[in-house]
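No lab work stands behind these numbers, since they all come straight from the coordinates. Just so it is clear, the structure is predicted and the values come from calculations on it, not from any experiment. Ideal geometry is used to build each Cβ from the backbone, glycine not excepted, and the neighbour counts take in all protein chains shown.
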């Protein structure tokens, strides 16, 4: 069994894998060591663990992981099951790389594009030869709503809504139309461009805002809310064989 930890700014996700199957999952908003101990208590057969973190956390968690398991603290030096062709690997987000690896594991030996729609909308491309090329980063929905409100004097802060007509007949609906339809057009347009360059392209959608896009993307896609932690599991599994 493997312990997979993905510590993000909003949530800290914890999963236990038996090979490729998630057998336990939980998320926390301010994780403590006692939370991890309670989460893993019923699984004494955990042998290895991996942590991907973008936040500061109590060092006792790190000490516990090092002392309890064969442990990897993911960084740009960690060996991965794909070839990283990114020009600046030190600056590559761990979530981007993990999502790309998770997508490549779902569709081995195929061109695959992962799209992570969270705080940012991130595209990441892995070729059929197992090469990670990079992709793009753009503001997510909340950042777009927030920026319109913050950097203008009179525009209100609008919330997500699946009801966003093409033509907004008041200010709130106009903002909804601009943000929601604009982001969707952006995603569809980029997918079209990727398909022009890569044959038989598979597309995997993930992220907290994916519910606002999954039914409106024109191309056939696969949705997987656990893509990042699945990618982390693949990294850990790969390192166990080294």
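Of all the options 155, 65, 141, the one that moves most in a Gaussian network model of the chain with Cα springs shorter than 10 angstrom is 155. The stretch 161-232 and the stretch 101-157 have Cα centres spaced 10 Å apart. The convex hull around the C-alpha trace of the chain, projected and averaged over every direction, spans 14.6 square nanometres. Report note on the peptides 157-168, 102-113: ranked by the mean count of other C-beta atoms within 10 Å, highest first, their order is 102-113, 157-168. Taking the chain as a Gaussian network of alpha-carbon nodes connected by springs under 10 Å, the highest mean-square fluctuation of the residues 87, 223, 185 belongs to 87. Of all DSSP-defined beta bridges confined to the chain, some 60% are antiparallel rather than parallel.
Label point 7 Å out from residue 11 along Cα-to-Cβ: which residues of the stretch 194-223 have amide N under 13 Å? Flagged as within label range: 207-211. Based on C-alpha pairs under 8 angstrom that are at least 6 apart in sequence, the stretch 8-139 has a relative contact order of 15 percent. The ranking of 224, 95 by Cβ neighbour count inside 10 Å, starting from the fewest, reads 224, 95. Helix 94-106: angle to the longest alpha-carbon principal axis of the chain, degrees 0 to 90, nearest 10? With rounding to tens, the tilt is 80 degrees.
Top mean-square fluctuation among 154, 215, 85, Gaussian network model of the chain, C-alpha springs under 10 Å? Evaluated over the chain, the most mobile residue of the options is 154.
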